[in-house]
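Working notes, structure below.
The values are calculated or read from the model by the stated rules, or taken from the named source; none is laboratory data. All values reported here derive from a predicted model rather than from experimental measurement. When we count neighbours, we look across all protein chains shown, and the Cβ atoms used for this are built from the backbone with ideal geometry, even at glycine. Note: accessible area is taken over every heavy atom of the protein model, side chains too, but ligands, DNA and RNA are not part of it. Shrake-Rupley method; radii C 1.70, N 1.55, O 1.52, S 1.80 Å.
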Amino acid sequence: TTGPLNKIFEKKINKFCKSKYCVPVNSGTSALIAALLSMNLKKRDIILVPAVSFIATANCASLLGYKVKFIDVNKENGLINPTNLKKVLKKNKVKVLINVHLNGNVGDLKSIFQICKKNNVKIIEDACHAFGSEINYDNKTYKIGSNKYSDITTFSFHPVKTITTGEGGAILTNKKKYYENIKKYISHGMFFKPLVEKKYKWNYYDMDFPGYNFRMSDINCSLGISQIDKTKKFINKRNKIAKFYINFFSKYKKYISIININKNVKSSYHLFPIQIDFKKYNINKLEMLNRLLKINIRCQIHYKPINHNSFYFQNNNLPGSEEYFNNTFSIPIHFNMYLNDAKYVAKNIIRIFEKLKNK
């Protein structure tokens, strides 16, 4: 269980991300839950969540009894728009913003940080898609996880992510009080307090609040340690595949859009989404995905807006999220792909699109 390899893994992540403190945990969801708990919030406090994300981003707040409010995203990239954030914070007393780095892409962290600071809103970066991503401001490069523009960052090390521990995640912060709270919350709320009786002592523990068992085992950490030194190689391979897709689809930009990555961002390309105006061309997106699947090209929808799920169903006016969902799907990108695989994917997307367009 938790042993010396946890410490080695922590140090490697801290060194890689330029963070002060790191706590490995058993999943990205656990990371989000512990991050929120560490902030000593009150029940029904408002947690602001982008509507386009994996459901865990909202579930972590709901499970803890906080109130989830959804914010719209840019239809072009699925990220939070700082101008829209200003409007939402004017109308709502938000305590925490969970800022999602969708697909490995990163939004305007500096502007979002300044807006939140002005409104006394804490920031958790949900960087489960963005281990290894970077952003540059004023000729200085910051790794996602450095918490330059946030209070806490959470990562997932699920098998499809940049690096993996099988299942697992990590919480990074530069604030000692959060770190100490997180360490207790992930291990039953325990802290060291020896038993003392007369002249005898015995190593033992105490707890002043109940916590969870979110710890990462040394077995998982050993896999993470072996992976983290390969991060650059993994990201370079994904960027190579992404570069091919960008060049290929640029010839078809009249019909197909790719997600724009800002010049100051280096994306880890966890996902590679493309966008088609299916309504304009009278094409059923699900029919297209099914046709691709028949020739062994498995695409994905990332994501149905969280407010569409039965538990959260809210008839919000979130046009950016709706359009992003309607027009976007993710195509294969991973370390074991070759350029010939990417060519097969890209050419067949065009072939099937043209067949359906002319149907």
Please list, ordered by first then second residue, the pairs with beta carbon atoms under 9 Å, 6 or more apart or interchain, first in segment 235-249 and touching a residue at least 12 places away in the same chain (Cβ under 8 Å) and within 11 Å of Leu339 (Cα to Cα), second open to solvent by 40 Å² or more (accessible area, probe 1.4 Å) and among the acidic types (Asp, Glu). Ile241/Asp341
Flagged pairs (Cβ under 6 angstrom, 6 or more apart or on separate chains; first in segment 35-50, of a type in the set (Ser, Thr, Tyr); second open to solvent by 30 Å² or more (accessible area, probe 1.4 Å)) are Ser38/Asn181
Here are Leu32, Leu5: which of them is under 17 Å from the mean Cα position of the chain (by Cα) and assigned to a helix (DSSP H, G or I)? Leu32
Unmet criterion (only one of (1) open to solvent by 60 Å² or more (accessible area, probe 1.4 Å); (2) on the phi < 0 side of the Ramachandran plot) for Asn120: (2)
Out of (1) buried (at least 19 other Cβ atoms within 10 Å of the Cβ); (2) not in a strand (DSSP E or B), the odd one out for Leu172 is which? (2)
Please tell me if Asp151 is surrounded by 24 or more Cβ atoms within 10 Å (Cβ to Cβ), in contact with a strand residue (DSSP E or B) (Cβ under 7 Å, 6 or more places away or on another chain) and among the acidic types (Asp, Glu). no
Segment 198-207, residues that are surrounded by fewer than 10 Cβ atoms within 10 Å (Cβ to Cβ) and part of a loop (DSSP other than H, G, I, E, B): Lys198, Lys199, Asn203
Test set (1) closer than 30 Å to Ser62 by Cβ; (2) at pLDDT 95 or above - Lys343 fails condition number: (1)
Could you tell me whether Ile219 is open to solvent by less than 40 Å² (accessible area, probe 1.4 Å) and out of contact with any strand residue (DSSP E or B) (no Cβ under 7 Å at 6 or more places or on another chain)? no
Test each condition in (1) assigned to a helix (DSSP H, G or I); (2) out of contact with any helix residue (DSSP H, G or I) (no Cβ under 8 Å at 6 or more places or on another chain); (3) open to solvent by 50 Å² or more (accessible area, probe 1.4 Å) for Lys43 and report the one that comes out false. (1)
May I ask you to verify whether Ser267 is over 30 Å from Lys184 (Cβ atoms), buried (at least 18 other Cβ atoms within 10 Å of the Cβ) and among the small types (Gly, Ala, Ser)? yes
Failed item, numbered, when Thr162 is tested on (1) β-branched (Val, Ile, Thr); (2) part of a loop (DSSP other than H, G, I, E, B); (3) more than 29 Å from Asn236 (Cβ to Cβ): (3)
